[in-house]
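J.: Dumping the structure here so I can ask a few things about it.
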């Protein structure tokens with residue numbers, strides 16, 4: 001049977017076991033453990049600092065995101081305002097332009113109507129003058145051709161009768 | 001400006017003595033009418049740039065058989081004196097002077113046909129009524145008058161012609 005499974009008490013083994021344990025304990029607690037403890041503390045501190053820094057950066061990022069969102073909102077509002085103003089301005093301008101065109105159209109229409117009336121009046125005046133001239137010329141021609149002596153005498157007598165009615169020369 | 005002075009009083013006396021005064025006055029109206037109704041008479045006779053000899057020949061050729069000898073002499077004298085362009089003033093003054101002398105008015109009646117004696121008498125009496133003076137009437141036939149008559153006296157005129165009616169018609173038809 002091997003010593004490990006030998007259940008019989010051996011003081012030498014116990015002694016050396018204790019010595020070995022003491023040596024290992026001493027080495028570990030005096031030399032290894034402080035180094036490891038220091039490393040672990042530093043590591044924990046670094047992690048804590050990194051976490052703090054990350055939190056700070058996250059907050060900053062959140063703040064910046066909020067600011068960007070607010071700015072974007074303002075930009076959208078401004079965009080809508082500018083667009084609305086531009087639309088209103090364009091509508092007013094279009095309305096003014098339309099009114100101007102309508103006024104100009106009305107003025108031109110009245111002017112053209114006046115012109116047409118004048119042309120019509122001139123036409124009728126000239127037409128009447130021409131007809132009058134033709135009728136007068138025709139009458140003159142008829143009278144000149146067809147006035148027999150007895151009619152001439154009759155006209156003369158009528159005119160002399162008219163002369164008798166005149167009171168003043 | 002007149003080149004010579006003309007004693008119209010002496011002319012009246014000479015015409016009265018010769019018994020040609022009425023004929024002379026009638027010729028004045030006839031000559032005036034011929035000048036008004038024809039193109040060429042005034043244009044030739046009253047043009048200062050045409051030589052008196054040409055005027056004389058033209059006048060004789062045109063009026064030899066139409067006007068009395070006395071009136072022809074009068075016009076020829078004005079042509080010779082180069083005073084014919086004063087004819088209108090001279091003749092107007094002549095007629096006015098006779099009117100004053102005789103206390104009478106000279107009336108010229110232009111008609112399409114010659115007025116009968118009865119018509120002339122009616123016209124004379126009516127004009128005497130209107131002018132309130134004795135009237136010497138001269139009737140001339142004018143080609144311009146279609147019918148009726150035009151009465152002229154001392155720058156005034158009464159238009160009883162058909163032409164006046166036609167003119168009125170023309171005015172109504174073509175204002």
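J.: Provide the gained length on full extension for the span residue A:61 to residue A:84, in nm with one decimal, where the gain is 0.36 nm per separating residue minus the Cα-Cα distance.
T.: Working: separation 23, 0.36 × 23 = 8.28 nm, distance 3.36 nm.
Stretched out fully, the residue A:61 to residue A:84 stretch lengthens by 4.9 nm.
J.: Compute the Cα gyration tensor for the stretch B:104-175, then decide on rounded, prolate or oblate, letting a ≥ b ≥ c be the square roots of its eigenvalues: rounded whenever a/c is under 1.5, prolate when a/b is larger than b/c in the other cases, and oblate in all that remain.
T.: Working: a/c = 2.59, a/b = 1.75, b/c = 1.48.
Cα axes put the stretch B:104-175 in the prolate bin.
J.: For the protein assembly as shown, give the share of DSSP beta bridges that are antiparallel, in percent and rounded to the nearest 5; count only bridges with both residues there. Provide the component values of the computation, followed by the final result.
T.: Numbers: 10 of 18 bridges.
Around 55 percent of the beta bridges assigned by DSSP in the protein assembly as shown are antiparallel ones.
J.: In which sequence would B:1, B:127, A:40 go, from the one with the fewest C-beta neighbours within 10 Å to the one with the most?
T.: Values: B:1 4, B:127 23, A:40 11.
In order of increasing Cβ crowding within 10 Å: B:1, A:40, B:127.
J.: Extending each Cα 7 Å along its Cβ direction at residue A:141 and residue A:19, get the distance between those two points in nm, one decimal.
T.: 17.4
J.: Run the quick spin-label model on residue A:12 and residue B:159: label points 7 Å from Cα toward the beta carbon, then report their separation in nm to one decimal.
T.: 18.3
J.: On to the next question. If you fit an axis through the alpha-carbon atoms of helix A:11-27 and take the longest principal axis of the Cα set of chain A, what angle between them do you get, 0 to 90°, nearest 10?
T.: Approximately 40 degrees, to the nearest ten.
J.: Under the classification rounded if a/c is under 1.5, otherwise prolate if a/b is larger than b/c and oblate if not, where does chain B fall, given a ≥ b ≥ c as square roots of the Cα gyration tensor eigenvalues? If you can, show how the numbers build up before the last one.
T.: Values: a/c = 2.02, a/b = 1.31, b/c = 1.54.
Because a/c hits 1.5 or more and a/b fails to exceed b/c, chain B counts as oblate.
J.: Just want to confirm a number: the relative contact order over the stretch B:104-175, from Cα pairs under 8 angstrom separated by 6+ residues, in percent. Mind showing how you got there, number by number?
T.: Working: 109 pairs, mean separation 27.1, N = 72.
Value for the stretch B:104-175: 38 percent.
J.: Also: Treat the count of other C-beta atoms within 10 Å as a stand-in for reagent exposure and order B:111, B:54 from fewest to most.
T.: Working: B:111 24, B:54 13.
Neighbour counts put them in this order, fewest first: B:54, B:111.
J.: Which angle from 0 to 90°, rounded to the nearest 10, does the C-alpha axis of helix B:69-80 make with the longest principal axis of chain B?
T.: That helix lies at roughly 60 degrees to the long axis.
J.: Looking at chain B as a GNM with Cα springs under 10 Å, which of B:50, B:151, B:90 has the largest mean-square fluctuation?
T.: Greatest mean-square fluctuation among the candidates belongs to B:50.
J.: Antiparallel versus total DSSP beta bridges in the stretch B:29-150: what percent is that, nearest 5?
T.: On the way: 2 of 10 bridges.
Antiparallel bridges make up about 20 percent of those DSSP assigns within the stretch B:29-150.
J.: If you don't mind, there's one more thing I want to ask. Taking only Cα atoms and a 10 Å spring cutoff, compute GNM fluctuations for chain B and point out the largest among B:49, B:85, B:138.
T.: Of B:49, B:85, B:138, the most mobile in the Gaussian network model is B:49.
J.: Given the stretch B:104-175, what percent of its DSSP beta bridges are antiparallel, to the nearest 5? Working shown, then result.
T.: Numbers: 10 of 18 bridges.
Once the DSSP bridges in the stretch B:104-175 are tallied, antiparallel ones form about 55 percent.
J.: Express the relative contact order of the stretch B:33-91 as a whole percentage, based on alpha carbon pairs under 8 Å and six or more residues apart in sequence.
T.: On the way: 25 pairs, mean separation 20.8, N = 59.
Computed value for the stretch B:33-91: 35 percent relative contact order.
J.: Nearest 0.05, what FRET efficiency do residue B:61 and residue B:39 give at R0 = 22 Å with Cβ-Cβ as r?
T.: Working: r = 16 Å, r/R0 = 0.73.
After rounding, the FRET efficiency stands at 0.85.
J.: Restricting to DSSP H runs of at least four residues, report the calculated mean residue ellipticity at 222 nm for the protein assembly as shown, -39500 (n - 2.57) per run over all residues, nearest 500 deg cm²/dmol. Kindly include the intermediate steps, with their values, before the conclusion.
T.: Numbers: 11 runs with 248 residues, N = 344.
It lands at -25000 deg cm²/dmol.
J.: Among B:104, B:14, B:118, whose mean-square fluctuation peaks in a Gaussian network model of chain B (Cα, cutoff 10 Å)?
T.: Comparing B:104, B:14, B:118 in a Gaussian network model of chain B, the most mobile one is B:118.
Coordinate-derived values only; no laboratory data. Quick caveat: nothing in here was measured; it's all calculated off a predicted structure. In this analysis, Cβ positions are derived from the backbone assuming ideal geometry, glycine residues included, and neighbour counts consider all displayed protein chains.
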